[in-house]
Amino acid sequence: MPEPKEAWSSRLGVILAVAGSAVGLGNFLRFPGLAAQYGGAAFMIAYFVALLLLGIPIGWTEWTMGRQGGLAGYHSSPGIFHAIVRHPLGKYLGLMGFIIPVVVYMYYVYIEAWCLGYALNAASGTFSHVGIDYGKFFADFTGAGANGVAIHFGLKDVGLFVVLVYIANFYFIYKGLSKGIEFVCKWGMPVLILIALIILGRVMTLGTPDPAKPDQNVLNGLGYMWNPHGIWNGFGQPGLGDPQLWLAAAGQIFFSLSVGFGAIITYASYLRKKDDVVLSGLTAASANEFCEVGLGGLITVPAAFVFLGAAGIAGQGTFGLGFKVLPFVFSKMPFGDFFATIFYVLLFIAAITSSLSMLQPGVAFFEEGLRLKRKAAMGALALLTGLGTMIVWWFSKDLKALDTIDFWIGTVGIFIQGMILVATYSWIIGIEEGWKETHAGAAMRIPGFYKPVLQFVSPLFLFLVFLMFIGANVLGWNFSFAAPQFHPTSYVADLVGPHPSNVARGTFLFTLAVIALIGWLVHIAGRNWSTGATGGNTR
Ligand code: PHE
């Protein structure tokens, strides 16, 4: 008996699901950390340019192609590209849209487990104990201190929570699109926004908690986050002349909007022919920006600044801020345990609505590409992702395995997939055809200037950013022609430098093996599709 066709139950449902995917740890941890690091207002200029020229338009192409592929009966990125490109190699253009969500899930879910664990520890008063060392707690809990130490299952270890989040994620995927994903997002998103507003109210009314340090007040905290530290200081200088700032801004836009990951394309494939993609895409992106700039951007950094000043924030990085600094900050507030608990609950909700969107593309592929039943598809995906999570969990010292995958797949990968998406839309489908397709059933029209943007500006911008990225983040070039220097960043040095890291090398090889395996599976799926054994329009 064929399994029933999956579909979203309402327009609001699909918007909330995509917004749920987009609103994640990136909004409340990654964004504030980057904005503060790259000089507030200067970063925001690059960030909004990237939002308007990359995030929103490439998001539209992903929604459009997703819906188009879904109408042809495909829901995974390789299947959708196979249906649209109609060339034997077409399906491989969709390869990254399968690899990225599966591989990113392996470590994202590990951080999701920290959030759940921190919420329960906050509720049980761990963080308000006198004399607790927050850095040591983090190192022991996550295993960042040493390899192999995080495989324990008490309240103060990550183990139990890894198991719980795995069960929760696969349970909701098993329930299906509308009863699982849509259900979680419909309840989760409003709760998340409510919690964020409560915490925001608390942070904005902190005033000057320590009269002996009058500078450490909320207004200065907001200033630290948002005031320009120099908009333009010349090329290669801090400010808009710094190529790294553009990279960080563009990377954040992709990561945060879930664009170029293969998640939206799968979600959009469950739309119907006349379902709007223009307004829905814009609404989901706007919801993400509200949560990122309006909520995430006003909570994390100002709260830390008020209690610790600039010195306490600088150099903390994303995880330091969220998991070492903030528990301390909450412990200094009245009802600190309460605020800490709801804050980590918020992070957990943000994370699970995102991780669900990383599983659906994989399940869809195993079902339509290899003809597996839902349970078998979930089992295959659980095995594959579970293996990766085990590696991240065991080789946890300095979070090396996590960092390695995050960089090569979660950062390099999305640029590549972003380029493939926009090139396919503008040049293979063709801008006129694509534009027509996008506007089918649309509740609003996209301003005409987005046509040349999609054809030329976005691809060029993306390509330039990618070149800079290779220059700066891979080769470590100082962007000087007069006195060029190359100091490969740790990601490269860990693999091929004089003092390589075995964990980084092993993790990198594992990632390559996963890519090879997935490539081979896509090859098999392609054979099934061309013989009409699976996929294709069965309606
Ligand atoms: N957008 C999510 C965040 O901000 C991350 C994510 C990327 C989720 C890709 C799903 C797919 O945390």
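The values are calculated or read from the model by the stated rules, or taken from the named source; none is laboratory data. These numbers come from a predicted model, not from an experiment. When we count neighbours, we look across all protein chains shown, and the Cβ atoms used for this are built from the backbone with ideal geometry, even at glycine.
If you check 69, 90, 97 for being more than 20 Å from the chain's Cα centre (by Cα) and in contact (Cβ under 8 Å) with a residue 12 or more places away in the chain, only one passes: 69.
Which one is nearest to the chain's Cα centre (by Cα) among residues in the stretch 350-384 that are within 12 Å of the ligand (Cβ to nearest atom) and not small (Gly, Ala, Ser)? Going through the qualifying residues, I end up with 358. Identify, by number, the condition in (1) of a type in the set (S, T, N, Q); (2) within 14 Å of the ligand (Cβ to nearest atom); (3) out of contact with any Ser or Thr (no Cβ under 7 Å at 6 or more places or on another chain) that residue 280 doesn't meet. With (1) of a type in the set (S, T, N, Q); (2) within 14 Å of the ligand (Cβ to nearest atom); (3) out of contact with any Ser or Thr (no Cβ under 7 Å at 6 or more places or on another chain) applied to residue 280, the lone miss is (2).
Please note which helices (runs of 4 or more DSSP H) are completely contained in the stretch 224-292 and include at least 1 residues that are under 25 Å from residue 311 (Cα atoms).
243-257
Say whether the condition of being away from the ligand (no atom under 15 Å from the Cβ), in a loop (DSSP other than H, G, I, E, B) and hydrophobic (A, V, I, L, M, F, W, C) is met by at least one residue in the stretch 19-33. Within the stretch 19-33, none of the residues are away from the ligand (no atom under 15 Å from the Cβ), in a loop (DSSP other than H, G, I, E, B) and hydrophobic (A, V, I, L, M, F, W, C). Filtered by the rule that a residue be closer than 30 Å to residue 393 by Cβ, in a helix (DSSP H, G or I) and of a type in the set (Ser, Thr, Tyr), the stretch 65-107 gives 77, 105, 107. Assessment of the stretch 203-217 against the conditions (assigned to a helix (DSSP H, G or I), surrounded by 21 or more Cβ atoms within 10 Å (Cβ to Cβ) and touching a Phe, Trp or Tyr at 6+ places or on another chain (Cβ under 6 Å)) yields no matching residue. For residue 249, the criteria (1) touching a helix residue (DSSP H, G or I) at 6+ places or on another chain (Cβ under 9 Å); (2) without any contact (Cβ under 8 Å) to a residue 24 or more places away in the chain hold in every case but one, which is (2).
Note on the stretch 491-518: residues that are without any contact (Cβ under 8 Å) to a residue 40 or more places away in the chain and surrounded by 16 or more Cβ atoms within 10 Å (Cβ to Cβ) total 3. Identify, please: which residue in the stretch 254-265 is near the ligand (Cβ under 10 Å from one of its atoms) and not aromatic (Phe, Trp, Tyr) and is, among those, surrounded by the most Cβ atoms within 10 Å (Cβ to Cβ)? So the residue we want is 262. If we keep just the residues of the stretch 106-136 that are farther than 30 Å from residue 383 by Cα and touching a Gly at 6+ places or on another chain (Cβ under 9 Å), which is nearest to the ligand (Cβ to nearest atom)? Applying the filter and picking the extreme gives 122. Of the residues making up the stretch 6-24, those that are modelled with pLDDT under 95 and under 21 Å from residue 116 (Cα atoms) number 0. With respect to the conditions (1) under 23 Å from the mean Cα position of the chain (by Cα); (2) of a type outside the set (S, T, N, Q); (3) surrounded by fewer than 21 Cβ atoms within 10 Å (Cβ to Cβ), residue 275 lacks only one, and its number is (1).
Yes or no: the stretch 118-133 includes at least one residue that is under 27 Å from residue 508 (Cα atoms), surrounded by fewer than 16 Cβ atoms within 10 Å (Cβ to Cβ) and among the hydrophobic types (A, V, I, L, M, F, W, C). No: zero hits.
Screening residue 305 with (1) modelled with pLDDT of 95 or more; (2) part of a helix (DSSP H, G or I); (3) over 20 Å from the mean Cα position of the chain (by Cα) gives one miss only, at (1). Can you find a residue in the stretch 221-231 that is buried (at least 17 other Cβ atoms within 10 Å of the Cβ) and either of a type in the set (A, V, I, L, M) or without any contact (Cβ under 8 Å) to a residue 24 or more places away in the chain (or both)? Within the stretch 221-231, one or more residues are buried (at least 17 other Cβ atoms within 10 Å of the Cβ) and either of a type in the set (A, V, I, L, M) or without any contact (Cβ under 8 Å) to a residue 24 or more places away in the chain (or both). Per this entry, residue 45 is not counted among residues that are in a helix (DSSP H, G or I), modelled with pLDDT of 95 or more, more than 14 Å from the ligand (Cβ to nearest atom) and surrounded by fewer than 24 Cβ atoms within 10 Å (Cβ to Cβ). Screening residue 149 against (1) outside any helix (DSSP H, G or I); (2) farther than 20 Å from residue 329 by Cβ; (3) in contact with a helix residue (DSSP H, G or I) (Cβ under 6 Å, 6 or more places away or on another chain) leaves a single unmet condition, (3). Among residues of the stretch 142-165 that are acidic (Asp, Glu), those with a beta-carbon under 9 Å from a residue that is at pLDDT 95 or above and assigned to a loop (DSSP other than H, G, I, E, B) at least six positions away or on a different chain give the pairs 157/143.
Is the stretch 303-311 home to any residue that is buried (at least 20 other Cβ atoms within 10 Å of the Cβ) and either within 16 Å of the ligand (Cβ to nearest atom) or among the polar types (S, T, N, Q) (or both)? Taking every residue of the stretch 303-311 in turn, none turns out to be buried (at least 20 other Cβ atoms within 10 Å of the Cβ) and either within 16 Å of the ligand (Cβ to nearest atom) or among the polar types (S, T, N, Q) (or both). Evaluating residue 472 against the criteria (1) surrounded by 12 or more Cβ atoms within 10 Å (Cβ to Cβ); (2) assigned to a loop (DSSP other than H, G, I, E, B) leaves one unmet condition, (2).
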